[in-house]
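Reviewing the structure listed below.
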Amino acid sequence: MQHVLSTHVFANHRLTIAWLERILQAGIPAVEFFCAKQHLDYHDRGQVAEMGHWFRDATLKLHSVHAPMYTDDVWGRSGPHAVITITETSKPKRLAMVDEIKRALEIAETIPFRYLIQHIGVAGEEYDERKVDAAFSALEEISLFARQRGVEVLLENTPNALASPERLVTFLEQTHLRLNFCFDAGHAHMKEGIAAAYGIMKSRIRSTHLHDNDGKSDQHLFPFAAGGSIDWKSTMELLRSQQEQYPLLLELHDTPDFVHALDDVKEIFDKLESV
């Protein structure tokens, strides 16, 4: 299966060509950009242009981009105003958030990529029909903007009452939006379970997020690491059943020793393929 690494693993560092070269040298063929201002400032044309120039000659490919979740550079800690969520029911506020996501999509004009990974709501958010309507309005606009740039929007199963696998399927049935899914194994492990979530989502899965946790917290641990409780053997059996549809994409917690962590990442891909 194709191997992809999310830059989430060093999201507290500015994304530079030096980091991308280290990923390439580790034998990883593709990446997913994680949009966070302290890491990849999609408003910074200079940062995007510099990487675009490098990607033109590099064998490393940009597979996908994770939509921004905050407008600040401290993971939303500056206050509720910094949270980007397409379930915002205030139209002026939601339009401003949609514009933020559009700025991230504009990366495709410099560095082509295939998928934008989008959440519906934030962790723990309760179900509300008004929020569903807001998400529909936002996604209509985001999807059109994405398609014009050769990008497909994928909805990710998220640990809240709006974006469980069942809710996502119902949402697409009700709205008739032609969207597919990013299957997040760690999120599924925290909620309905990996087998149940995969069974609901499998026909529409086009990408993945693989990481481990204790079944309670969204820890983004390295697979097979201490503290994680996912059964990776059974998970890989499921993933192999539709393997032509998606890659194995690791979305791991930021680690200060990223250079050493790259060796671990390569070993994890090998171990996942062999279990």
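Taking (1) closer than 28 Å to ILE120 by Cβ; (2) surrounded by 20 or more Cβ atoms within 10 Å (Cβ to Cβ); (3) not charged (D, E, K, R) in turn, GLY76 satisfies each apart from (2).
For region 79-104, a residue qualifies if it is open to solvent by less than 20 Å² (accessible area, probe 1.4 Å) and part of a helix (DSSP H, G or I), and the qualifying residues are ALA82, VAL98, ILE101, ALA104. Consider region 64-73 and keep the residues that are touching a helix residue (DSSP H, G or I) at 6+ places or on another chain (Cβ under 8 Å) and farther than 19 Å from HIS209 by Cα. The one that is surrounded by the most Cβ atoms within 10 Å (Cβ to Cβ) is TYR70. Close contacts from region 59-87, counting a first residue that is on the phi > 0 side of the Ramachandran plot and a second that is open to solvent by 10 Å² or more (accessible area, probe 1.4 Å) and not aliphatic (A, V, I, L, M), with Cβ to Cβ under 8 Å and a gap of 6+ residues or different chains, come to GLY76/TYR70.
Residue count for region 161-171 satisfying the condition of being over 20 Å from LEU238 (Cα atoms), out of contact with any strand residue (DSSP E or B) (no Cβ under 9 Å at 6 or more places or on another chain) and not in a helix (DSSP H, G or I): 2. Of all the criteria given as (1) in contact (Cβ under 8 Å) with a residue 40 or more places away in the chain; (2) surrounded by fewer than 14 Cβ atoms within 10 Å (Cβ to Cβ), the one not satisfied by LEU179 is (2). Within region 111-127, no residue that is charged (D, E, K, R) sits with its Cβ atom under 6 Å from a residue that is open to solvent by less than 10 Å² (accessible area, probe 1.4 Å) and at pLDDT below 95 at 6+ positions apart or across chains.
The values are calculated or read from the model by the stated rules, or taken from the named source; none is laboratory data. Owing to the predicted nature of the structure, the values given are computational and were not obtained by experimental measurement. Cβ sites come from the backbone with ideal geometry, for glycine too, and all protein chains shown count toward neighbours. Note: areas computed on protein heavy atoms with side chains; ligands, DNA, RNA excluded. Shrake-Rupley method; radii C 1.70, N 1.55, O 1.52, S 1.80 Å.
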